[in-house]
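What follows is a single structure, written as structure tokens, with notes after it.
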Amino acid sequence: MYQFKKIEKKWQEIWEKEHSFEAITGSEKPKYYYLVEFPYPSGAGLHVGHVRSYTALDAMARKKRMMGYNVLFPMGWDAFGAPAEQYAIKNHIHPKEAVKENIKTFKHQIQELGISFDWSREFSTTDPEYYKWTQWQFLQFFKHGMAYKAKKNVNWCPTCKSVLSNEDASGGVCERCGSKVVQKEKSQWVLRMSDYAEQLLDGLNDTDFEERIKTAQINWIGKSTGAEVDFKIAEVDQKLTVFTTRPDTLYGVTFMVVAPEHPILEEYKDRISNLDEVREYQEKAKEKTEFERTQLVKDKTGVRIQGLTAINPLTNQNVPIFISDYVMMGYGTGAIMAVPAHDQRDYDFAKKFDLDIIPVIEGGDTSKEAYTGDGKMINSPILDGMTNKQDSILKMIDYLEKEGLGRKKVNYRLQDWIFTRQRFWGEPIPLVYCEKCGWVAVPEEDLPVLLPDVTEYEPTDNGESPLAKIDSFVNTTCPHCGGKAKRETDTMPNWAGSSWYFLRYMDPHNEKEMASMDALKYWGQVDYYNGGMEHATRHLLYARFWNQFLYNIGLVPNKEPFRVRVAHGMILGEGGEKMSKSKGNVINPDDMVNMYGADALRCYEMFMGDYEKEAAWNEQGLNGIYRFINRVYRAGEMINQEEGYTKELEQLLHKTIKKVTEDIDHMKFNTAVSSLMILLNKMEEIGSITKQDFRTYLLLFNPICPHVTEELNEMYGLGEALWKSAWPSYEEDKLVEREKTIAVQVNGKVRATITISVDDEEDVIKEKALQEENVKRYIEGKEIVKTIVIKGRIVNIVVR
RNA sequence: GCCUGAGUGGCGGAAUUGGUAGACGCACAGGACUUAAAAUCCUGCGAACUUCAAAAUUCGUGCCGGUUCAAGUCCGGCCUUAGGCACCA
């Protein structure tokens, strides 16, 4: 059994002392930027899931360095946010103290794993030197009209007592605590992310993200193409505009529906004869949570608005207007034209309220259900007889535009980013409110706006940030007129700091700028970015938006910040369930490092399965890897005095170099490890190896198992330290097997195997095949129709 | 409902992209070493069916069909499952 504790500590100290993994900005070497999502340093400490992704990227980074690249592989801390705050509230210490402690623990745990992070670039989002620039960038949004204060219905979590963004309130529940989110009207700072919908969608074409990640983003942005159509209102001089993806069905409109919050109701309340009924419905709708409104209500409800009637712009016929909560104010125009013959929801509503159903597309039986398929247009003068849906839509839009009745319109599900939180532990928003001048930016030289040292961090019930209670923080002077002013007391969401941290790594100690243009240009895009699937629609979208904005105002050189984005699979507990404290199946990486060593833990996590898929923990598997590493350790005893590669091993060595080289690049770590196992099996079978055999073996294994390989290299005096050495190369012509065993099939079934030489011609191979006893048995008395010989692969004899 | 993936032994998973399915590892079984255990080493290990044995045969990659000399891999249609979106007009 090898002394992994001693060995691992020794090499970690050497790497630290020699600054082995520090990236050099401006180096002549080609650059490569690997990034893993920086962790939230929670009190629970490192998770085995962290180990998986850190090791994976570490292996890639170590290999890339050995291949001569100037590799940037940084690490930092995403430390603003509620957990640290809650911990602080409970234990009556300042969150920054709690964060300091947690970072210490995390860093220690990561260092014990021997991950080759460039620690010289470390920072935390909570460092004033860092959040100064987060604030500064917020001010760029503000100054470019990209941040606005709006009173709007926001997602409010009654448990966390804070506003949530749409991304944080997905499915109508609070991302953090799982409480039902309620709608609350509040004044909030909002970033105009929806302006970037098209750019965010389009930019995906310039990236190399995994398909599932692209899909998640595309779905979240939710582009749909259609038209806006203006319906006149008969009683007043006002139009009701709707968004539809099916303008081709305009002749089938028999009623309209507006959302309960639609402004038209307030505007013309005097004309609505059944206002009480309408009001009552509006109140009921408000009480329902978003969740109930979208998930539970299958039965349609609604109220006809008496006193307002719309006019179909094509037929000039009157159509009634309803309010119903199946129409959302937040999407489109908050009003729809209803075509019950060809839309299921409209159909359900029409049936319930006994409204006309006019089919405009042939097919189906519209007395039974809405027909949503394609067919010939009917009852539609300008479209009658057309059969192609796309053509009908285009023709209708064309007509509407010509007649001034509507226009082509693209709609997005993506909404603006609600950017304020009523929390203590976040970046203060660097704005002050002056009665005379309105909202004014804090001058750049006064940044950062520091979080005050106080003793109370509790969120308040009235939805105000705890900072609002601190007079010394709130009261200030207006930078513009010098009069009395009050600071904004809301803070930023913790997605703010993570929206640009990858830029700061390029120039982390810059006191004058967020990062210098030289450094930004040198490092360019993040070449390879790894993170969890849970961030595919939040962090990843925010960071892309943020970077695209910075690009548009000339602060960064690349429009897309990340080239490749991959997501690791989750590590599940031994039973295949998600690890959780309550299930008691949490594996602590420290325990594993103590029992088996960091090298074994790393190697096991690389071997346990497909990197992108989830994998269940299995300690026996880890023990198996531990045995394997011990065998590698003992392999040194087989070293002989011969020079070069052992003849018998040469081909397999070249093959393994190729395999490991390619597999690490493609994140197929499991097969990389297995090919090293195969090579070791062969070495043991031969029982004797050269120094060069072993040196190559150690070089190949080093990215995954850095400590023990480095130790063995030194112990047997095989050469320069591995981390300073070049990655081994293979020769194509050494890969060719001179002798090979191939299968012989008769009518597609394997009947024998033959050993052939690379030089054998087709007829020689054929002859060999025909001589096999078992082959003879199957072709005897039959006619050979065809013989297929694929050189070096297979022989197939077709008989009849 | 729409959009992505994925289904292979007892288990985790391989398969040069159409060419011997099950590499490698775990588990299990038998053996060696040991007073014994651990550790280590050797052998076997998809199913069925023959056989004293060796060897062979048949079936087998979610299901049904197709293309091909040849299909885990390609095509068509389903089923299951994971993730994303969803009264989104």
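Condition check ((1) over 25 Å from residue A:410 (Cβ atoms); (2) surrounded by fewer than 19 Cβ atoms within 10 Å (Cβ to Cβ); (3) within 14 Å of RNA strand B (Cβ to nearest atom)) across all residues:
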position: A:206; (1), (2), (3): no, yes, no
position: A:209; (1), (2), (3): no, no, yes
position: A:224; (1), (2), (3): no, yes, yes
position: A:235; (1), (2), (3): yes, yes, no
position: A:254; (1), (2), (3): yes, no, yes
position: A:259; (1), (2), (3): no, no, yes
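Under the condition of being loosely packed, with under 11 Cβ neighbours inside 10 Å and among the polar types (S, T, N, Q), which residue from the range A:739-770 is farthest from RNA strand B (Cβ to nearest atom)? So the residue we want is A:755.
Checked against the criteria, residue A:678 counts as on the phi < 0 side of the Ramachandran plot, surrounded by fewer than 18 Cβ atoms within 10 Å (Cβ to Cβ) and part of a helix (DSSP H, G or I). Within the range A:754-766, identify whether any single residue is at pLDDT 90 or above and within 30 Å of residue A:680 (Cα to Cα), and answer yes or no. No: zero hits.
Within the range A:119-150, being of a type in the set (S, T, N, Q) and within 24 Å of the chain's Cα centre (by Cα) holds for A:124, A:125, A:126, A:134, A:137. The single condition among (1) surrounded by fewer than 16 Cβ atoms within 10 Å (Cβ to Cβ); (2) at pLDDT 95 or above that residue A:23 does not meet is (1). Residues that are within 12 Å of RNA strand B (Cβ to nearest atom) and free of Cβ contacts under 8 Å to residues at least 12 places away in the same chain within the range A:583-623 comprise just one, A:620. Summed over the range A:690-723, the residues that are more than 22 Å from residue A:663 (Cα to Cα) and either within 15 Å of RNA strand B (Cβ to nearest atom) or among the basic types (Lys, Arg) (or both) give a count of 1. Identify, please: which residue in the range A:322-358 is among the acidic types (Asp, Glu) and buried (at least 22 other Cβ atoms within 10 Å of the Cβ) and is, among those, farthest from RNA strand B (Cβ to nearest atom)? So, considering only residues that are among the acidic types (Asp, Glu) and buried (at least 22 other Cβ atoms within 10 Å of the Cβ), the one farthest from RNA strand B (Cβ to nearest atom) is A:346.
Inspect the range A:778-796 for any residue being surrounded by 12 or more Cβ atoms within 10 Å (Cβ to Cβ), at pLDDT below 90, of a type in the set (Val, Ile, Thr) and away from RNA strand B (no atom under 15 Å from the Cβ) and give the result as yes or no. For the range A:778-796, residues surrounded by 12 or more Cβ atoms within 10 Å (Cβ to Cβ), at pLDDT below 90, of a type in the set (Val, Ile, Thr) and away from RNA strand B (no atom under 15 Å from the Cβ): absent. Filtering the range A:62-104 down to residues that are of a type in the set (Lys, Arg) and surrounded by fewer than 19 Cβ atoms within 10 Å (Cβ to Cβ), which residue is modelled with the lowest pLDDT? Going through the qualifying residues, I end up with A:90.
When each of A:633, A:645 is tested for being farther than 19 Å from residue A:605 by Cα and either near RNA strand B (Cβ under 10 Å from one of its atoms) or within 43 Å of the chain's Cα centre (by Cα) (or both), the lone residue that passes is A:633.
Kindly indicate whether any position in the range A:719-742 is touching a residue at least 12 places away in the same chain (Cβ under 8 Å), assigned to a strand (DSSP E or B) and β-branched (Val, Ile, Thr). There is at least one residue in the range A:719-742 that is touching a residue at least 12 places away in the same chain (Cβ under 8 Å), assigned to a strand (DSSP E or B) and β-branched (Val, Ile, Thr). One residue stands out in the range A:600-641 among those that are of a type in the set (D, E, K, R) and under 18 Å from residue A:700 (Cα atoms): the one that is surrounded by the fewest Cβ atoms within 10 Å (Cβ to Cβ), namely A:634.
For residue A:529, the stated conditions do not hold, so it cannot be described as among the hydroxyl-bearing types (Ser, Thr, Tyr), surrounded by fewer than 22 Cβ atoms within 10 Å (Cβ to Cβ) and either in contact with a Lys or Arg (Cβ under 9 Å, 6 or more places away or on another chain) or in a helix (DSSP H, G or I) (or both). Filtering the range A:38-79 to residues that are among the aliphatic types (A, V, I, L, M) and under 23 Å from residue A:25 (Cβ atoms) leaves A:57, A:60, A:61, A:66, A:67, A:71, A:72, A:75. Evaluating residue A:423 against the criteria (1) under 30 Å from residue A:332 (Cβ atoms); (2) away from RNA strand B (no atom under 16 Å from the Cβ); (3) within 34 Å of the chain's Cα centre (by Cα) leaves one unmet condition, (1). Once the range A:159-204 is narrowed to residues that are within 11 Å of RNA strand B (Cβ to nearest atom) and among the small types (Gly, Ala, Ser), the residue that is farthest from the chain's Cα centre (by Cα) is A:172.
The values are calculated or read from the model by the stated rules, or taken from the named source; none is laboratory data. Note that the structure is a prediction, hence the values are computed from the model and not measured. All Cβ positions, glycine included, derive from the backbone under ideal geometry; neighbour counts span all protein chains shown.
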